[in-house]
Amino acid sequence: MTKTISQREARALKRRVAELEADEDRRRNAWADIYPGGVNIATLTIPDNTRSAVHTARLLRHAVVVTLNNNGTLCLHALPLGSRK
């Protein structure tokens with residue numbers, strides 16, 4: 001059975017969702033404004049298929065983040081940037 005909620009509760013929940021979405025956008029964009037003007041700490045030559053994957057991610061307006069595994073492997077992650085509302 002679905003519980004009905006009042007208009008007041010619905011508006012409060014809608015405001016809360018908007019706040020959470022805005023917070024998430026701010027977190028995503030906190031570092032995005034400095035890209036690509038950030039500090040280059042290393043330059044690597046990568047294979048064509050990886051270069052294509054990074055290029056595609058950037059065309060889709062994703063940030064590409066690099067992490068380092070315990071075994072020394074670099075992992076590239078495509079993360080959608082927050083909206084610029």
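Remarks
- Its residue count N sets the reference 2.2 N^0.38 Å, and the alpha-carbon radius of gyration of the range 7-80 equals 1.56 times that reference.
- Pair Ser52, Leu81: separation of 7 Å Cα→Cβ label points (nm): 2.5
- Highest-first arrangement of 3-9, 46-52, where packing means the average Cβ count within 10 Å: 46-52, 3-9
- Computed lengthening from Ala22 to Leu74, 0.36 nm per intervening residue step minus Cα-Cα distance: 15.7 nm
- Pairwise label distance in nanometres, Lys3 with Arg61, each label 7 Å out on the Cα-Cβ vector: 3.7
Each reported figure results from applying straightforward, stated rules to the coordinates on display, with no laboratory input. On a predicted model such as this, the values are computed, not experimentally measured, just so you know. Counting neighbours? That spans all protein chains shown, and the Cβs are built from the backbone with ideal geometry, glycine included.
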